[in-house]
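Written below as structure tokens is the structure these notes are about.
The values are calculated or read from the model by the stated rules, or taken from the named source; none is laboratory data. Note that this is a predicted model, so its numbers are computed, not measured. Heads up, the Cβs are rebuilt from the backbone with ideal geometry, glycines too, and the neighbour counts pull from every protein chain shown. Note: areas computed on protein heavy atoms with side chains; ligands, DNA, RNA excluded. Shrake-Rupley method; radii C 1.70, N 1.55, O 1.52, S 1.80 Å.
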Amino acid sequence: DVSNFQIEVDIKAGSTNLDFTGFAEVDFVKAPLGDVIHIMQTKVPATAAGTFNLTTLPKNLPYLRLHSFSSDIDELKIIRNNETVFEVEKAELIADQTMDALNPDANHFTVAFDQRQRIEDYLEVRGASQFELEYTLSGTPSSFDLVYEQLGPVLR
């Protein structure tokens, strides 16, 4: 049920003599595609230490993972309908990822709601009147990228 498919590759400026090879692994099952993981990116415009609340993320699909690219994040709190539904500090996050045999990076603050690799472990936000990420930042933060993964049907 997919009529168009494309892949985007970002290439660093000044790169030369690039060589790409592609291959396709195709399964000819005659069934609809079903749910896919949508990977989106946005800029978090935080520019000062303290608390920054991001309230502009979509509430159309559940979330699987959040990847914030900043070394200045000390804590992340997720608020849905005026209730804290998730809260983690950097030290706890790094310890948890290390225990799961992952390779945490102090410059990335990744929250995986589906740590058990089970689809039912997503963070549901559909129907929420409020959904926000409350970052606690230290140092001299600047705006940073947030890549988020949502689970849902193929968007047309």
Residue within segment 34-41 that is within 23 Å of L137 (Cα to Cα), within 17 Å of the chain's Cα centre (by Cα) and not basic (K, R) present: yes
Within segment 87-107, which residues are open to solvent by 60 Å² or more (accessible area, probe 1.4 Å) and under 27 Å from A128 (Cα atoms)? E87, E89
Restricting segment 33-48 to residues that are open to solvent by less than 80 Å² (accessible area, probe 1.4 Å), farther than 16 Å from F113 by Cβ and assigned to a strand (DSSP E or B), which is modelled with the lowest pLDDT? V36
Anything in segment 129-153 that is loosely packed, with under 14 Cβ neighbours inside 10 Å and not hydroxyl-bearing (S, T, Y)? List them, or say none. Q130, G139, D145, P153
When both residues are 6+ apart or on different chains and their Cβ atoms are under 9 Å apart, which pairs have a first residue that lies in segment 16-36 and is at positive phi, and a second that is modelled with pLDDT of 75 or more? G34/P153
Could we say that T51 is among the hydroxyl-bearing types (S, T, Y), touching a residue at least 24 places away in the same chain (Cβ under 8 Å) and open to solvent by 70 Å² or more (accessible area, probe 1.4 Å) here? yes
Of the conditions (1) open to solvent by less than 70 Å² (accessible area, probe 1.4 Å); (2) out of contact with any Gly (no Cβ under 9 Å at 6 or more places or on another chain); (3) among the hydrophobic types (A, V, I, L, M, F, W, C); (4) in contact (Cβ under 8 Å) with a residue 60 or more places away in the chain, F69 fails just one. Which one is it? (1)
Answer yes or no as to whether K59 is more than 22 Å from H108 (Cβ to Cβ), open to solvent by 70 Å² or more (accessible area, probe 1.4 Å) and in contact (Cβ under 8 Å) with a residue 60 or more places away in the chain. yes
